[in-house]
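Student: There's a structure below that I have some questions on.
The values are calculated or read from the model by the stated rules, or taken from the named source; none is laboratory data. Bear in mind that the values here come from a model prediction, so they are computed numbers and not experimental data. Don't worry about glycine lacking a Cβ; one is built from the backbone with ideal geometry, like all the others, and counts go over all protein chains shown. The accessibility values were calculated without ligands, DNA or RNA, using every heavy atom of the protein model including side chains. Shrake-Rupley method; radii C 1.70, N 1.55, O 1.52, S 1.80 Å.
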Amino acid sequence: MTRSPSELPLRLAVFVLALVVRFGFLVIAGPVSSPDSSEYETIGSNIVADNGFSLSIAAPYIPTERRTPAYPAFLALLNGRGQVHRYRIAAIQIVLDSAVAVAILLLTASVPMRGARISAAVLYALHPAAVAASSTMLSETLFTFLVACAALLAVAGRKSDRLALSLLAGIVMGLSVLCRPLGVIYAGSAVLM
């Protein structure tokens, strides 16, 4: 990952592009909800209210294994007590997903064709599914952010030969698995690096 000062304006431009497009979508469409969203929100609210990891809306609060814990914990951390603030969650997810576009630039730093690197980052910044997902109350955006962070840490750990970065990459990848079990596949491929 190059640290040349000339890359900073490019990184900022990609981040701002992704941010503007995603916030534009949020202004037009509002926070997007799905049937799964209400389950995540219920579990998050129950965590904050000390009712456990439960889909129940009234006592007895029966624990559930239907959902993975990372996204409901994320919602609980950001909301606190009371009603779920969907605009707040969407805004934070937008910032996280905009950072993923920058992570693409960083992860492709060794690609000799600068135009290809920029195109990849800009295409992600403008990708309709990524834009819509960042405003949706689902685990995909948090998962993508965690996987991107884990990949950055793994590459940095390998390049610098620093065990602490590699261990941190493993911890972040583990968190991604707690967000979406699909992360196990990525964790397995990271071991092969």
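Student: Report relative contact order for region 55-193 in percent, whole number only (criteria: Cα-Cα under 8 Å, sequence separation at least 6).
Tutor: 24
Student: Any chance you could look up the accessible area of F145 with a 1.4 Å probe, heavy atoms only, rounded to 10 Å²?
Tutor: 50
Student: Let me check something: with ligands and nucleic acids excluded, how do E140, E41 order by accessible area (1.4 Å probe), largest to smallest?
Tutor: Ranked from most to least accessible, the order is E140, E41.
Student: What do you get for trypsin sites (Lys or Arg not before Pro) in region 22-68 restricted to DSSP loop and a cutoff of at most 14 other Cβ within 10 Å of the site's Cβ?
Tutor: R66
Student: For the chain, find the longest principal axis of its Cα atoms and tell me its angle to the long axis of helix 35-48, 0 to 90°, nearest 10.
Tutor: So the inclination is approximately 80 degrees.
Student: Taking all protein chains as present, what is the carbon and sulfur share of the accessible area of the chain, in % to the nearest whole number, probe 1.4 Å?
Tutor: Accessible surface attributable to carbon and sulfur in the chain totals 70 percent.
Student: Right, something else. Tell me the net charge near V131. Cut-off is 13 Å between Cβ atoms, V131 excluded, with +1 for each Lys or Arg and -1 for each Asp or Glu.
Tutor: -1
Student: Rounded to the nearest 10 Å², what accessible area does Y186 show when all protein chains are kept and the probe is 1.4 Å?
Tutor: 100
Student: Moving on to the next point. Could you please put I118, I171, I28 in sequence from largest to smallest accessible area, using a 1.4 Å probe?
Tutor: The most accessible residue leads, giving I28, I171, I118.
Student: So, one more: Return the calculated 222 nm mean residue ellipticity for the chain, to the nearest 500 deg cm²/dmol, obtained by summing -39500 (n - 2.57) across DSSP H runs with n ≥ 4 and dividing by the residue count.
Tutor: Value at 222 nm, helices only: -23000 deg cm²/dmol.
Student: Would you look at the GNM of the chain, springs on alpha carbons closer than 10 Å, and say which of V14, V155, V147 moves the most?
Tutor: V155
Student: Per residue, how large is the accessible surface of the chain? Use a 1.4 angstrom probe and give square angstrom.
Tutor: 53
Student: Expressed as an acute angle from 0 to 90° and rounded to the nearest 10, what is the orientation of the C-alpha long axis of helix 86-107 relative to the principal long axis of the chain?
Tutor: Tilt relative to the chain: about 20 degrees.
Student: Moving to a separate point now. Quickly work out the I171-to-D50 label distance, labels modelled 7 Å from Cα along the C-beta direction, and quote it in nm with one decimal.
Tutor: 2.8
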